[in-house]
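Working notes, beginning with the structure itself.
The values are calculated or read from the model by the stated rules, or taken from the named source; none is laboratory data. Quick caveat: nothing in here was measured; it's all calculated off a predicted structure. Note that each Cβ is placed from the backbone with ideal geometry, even for glycine, and that neighbours are counted across all protein chains shown.
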Amino acid sequence: MLPTFPLAPASPLGNPAPFWFIVTFKVLGFTLHMGPMHIWYAGSVLVALFTLFGRGHARRLASRLASALPILIALGVNFGIIPLLFVQVGYYPVVYPATILIAWFWFAVIPLLIVAYYGTYYYVAQIRKGSVDRKGVAASVASAVAFLTIGFFFSNNFSLMTNKDQMLAIYDRTAVGGAVSGLALNVGDPTLFPRWLMMFGLAITTTAAYVLLDTVFFARDETVDYRRWAARFAVRLYAGGVVWFAAFGSWYIFGALRPEIRQAMLAQQPILLLATLTAVAPGIVWLLLVRASQTLHRAQAWATGAMQFVVLALNAITRQWVQNTELAGFFDPAAARVQTQWTPLILFLILFALALGVVGWMVSQVLRAPARGHAG
């Protein structure tokens, strides 16, 4: 057994791009992914709850939110390819062993995503028909459960990849003749549950910001009473998300994170400033949201949405620092040999720019389109 076990051996080809390029697009891609992903991660739960228990405006909001989910799921999945690609390129010695140890749960992400996707489509189809029966309600609940489970499996994988001792413990527990069963989860890691729940709290805030944007830009055909109710609800939902994020974020940082990581965060002024901004930025968005909910002014809604993107970016950057610091004891991704592959690098940049342009054009067309009611 090699002393580096369970890490995968270094590739003789080296990394195809400098580490700064890999980590930049990993963070940028994750930020772009989190926007739509958060809306179907927490939004699907909101849709299921309002479908089961909501009345009046709450049911109307569930219909509007659900009608947007198919497009948001498509955007979130496609943007999610970017960080997944770069984590596999720059962090393959740790991410692949972690994935193998939980292999069957990782494979389960595909059928779970199919269930979530088609459950959402089935529910939306019933909304457009004008009524939702028990099958539609069941589809909505199944989608929400599937999305939450997918998030739990992702948290398992990415918390396990930074914990060598836990990887070795799972290997010792599940290996048979040198091969692992792939039936383990990283539930023994104290960071797993607070990390998973903290991300859900952040997703609630993004969903609340989207509710405001939908109310200002896309709900022009709705009644004034509904728009006022939806804007006020967005404020309350965001406040709940901030409380959730703060509670489980505090558990994660002060109760679950390894002491040496927490000490390094507190000792380094730039990192402490970054962590502080990450913690307080949602409060700034809430203040903007309060103001925008009172006026329903487009410029203020844009400012709220833009600041929420900053919140997500700060979270992604802080998370990247924590990940690199957790790995520092046994793996340094920046030390890998680099053999730049210019052709795929340039092609990626061109396609990335074109993709962002296409998404921007589609959003602009939706904003320019005349108001149209939703069945519900």
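Here are the numbers for the structure shown:
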read-out: Positions within the stretch 164-178 being among the aliphatic types (A, V, I, L, M) and in contact (Cβ under 8 Å) with a residue 12 or more places away in the chain, in sequence order; value: Met167, Leu168, Ala169, Ile170
read-out: Residue within the stretch 285-301 that is under 30 Å from Gly90 (Cβ atoms), of a type in the set (A, V, I, L, M, F, W, C) and assigned to a helix (DSSP H, G or I) present; value: no
read-out: Matching residues, the stretch 324-343, being farther than 30 Å from Leu160 by Cα and within 27 Å of the chain's Cα centre (by Cα); value: none
read-out: Residues (assigned to a helix (DSSP H, G or I) and under 16 Å from Asp332 (Cβ atoms)) located in the stretch 11-45; value: Phe19, Trp20, Ile22, Val23, Lys26
read-out: Of all residues in the stretch 55-86 being farther than 14 Å from His38 by Cα and among the β-branched types (Val, Ile, Thr), the one that is surrounded by the most Cβ atoms within 10 Å (Cβ to Cβ); value: Ile82
read-out: Residue under evaluation Val137, criteria (1) farther than 30 Å from Asp332 by Cβ; (2) surrounded by 21 or more Cβ atoms within 10 Å (Cβ to Cβ); (3) of a type outside the set (Lys, Arg), criterion not met; value: (2)
read-out: So Ser250, is it small (Gly, Ala, Ser), surrounded by fewer than 19 Cβ atoms within 10 Å (Cβ to Cβ) and modelled with pLDDT of 95 or more; value: yes
read-out: Residue list for the stretch 162-184, restricted to those being out of contact with any Asp or Glu (no Cβ under 9 Å at 6 or more places or on another chain) and either crowded, with 18+ Cβ neighbours inside 10 Å or assigned to a helix (DSSP H, G or I) (or both); value: Lys164, Asp165, Met167, Leu168, Ala169, Ile170, Tyr171, Asp172, Arg173, Thr174, Val180, Ala184
read-out: Counted residues, the stretch 285-334 - those being more than 30 Å from Pro6 (Cβ to Cβ) and β-branched (Val, Ile, Thr); value: 6
read-out: Unmet requirement for Val235, which otherwise passes all of (1) closer than 27 Å to Thr191 by Cα; (2) touching a residue at least 12 places away in the same chain (Cβ under 8 Å); value: (1)
read-out: Single residue of Arg227, Arg195, Arg220 found to be within 22 Å of Thr304 (Cβ to Cβ), at pLDDT 95 or above and of a type in the set (Lys, Arg); value: Arg227
read-out: Residue that is farthest from the chain's Cα centre (by Cα) [pool: residues in the stretch 201-221 that are surrounded by 21 or more Cβ atoms within 10 Å (Cβ to Cβ) and not aliphatic (A, V, I, L, M)]; value: Thr215
read-out: Matching residues in the stretch 97-149 - criterion: being outside any helix (DSSP H, G or I), in contact (Cβ under 8 Å) with a residue 24 or more places away in the chain and at negative phi; value: Ile102, Ala108, Val132
read-out: Condition check for Thr318: out of contact with any Gly (no Cβ under 6 Å at 6 or more places or on another chain), closer than 29 Å to Leu13 by Cα, in contact (Cβ under 8 Å) with a residue 12 or more places away in the chain and among the hydroxyl-bearing types (Ser, Thr, Tyr); value: no
read-out: Number of the condition not met by Val89 [criteria: (1) among the aliphatic types (A, V, I, L, M); (2) out of contact with any Ser or Thr (no Cβ under 6 Å at 6 or more places or on another chain); (3) more than 30 Å from Trp342 (Cβ to Cβ); (4) in contact (Cβ under 8 Å) with a residue 12 or more places away in the chain]; value: (3)
read-out: Residue count, the stretch 314-343 (criterion: surrounded by fewer than 18 Cβ atoms within 10 Å (Cβ to Cβ) and over 30 Å from Ile284 (Cβ atoms)); value: 13
read-out: Unmet requirement for Ser44, which otherwise passes all of (1) touching a Gly at 6+ places or on another chain (Cβ under 8 Å); (2) of a type in the set (S, T, N, Q); (3) at pLDDT 95 or above; value: (1)
read-out: Of all residues in the stretch 46-57 being out of contact with any Leu (no Cβ under 9 Å at 6 or more places or on another chain) and either of a type in the set (Phe, Trp, Tyr) or in a helix (DSSP H, G or I) (or both), the one that is farthest from Ala169 (Cα to Cα); value: His57
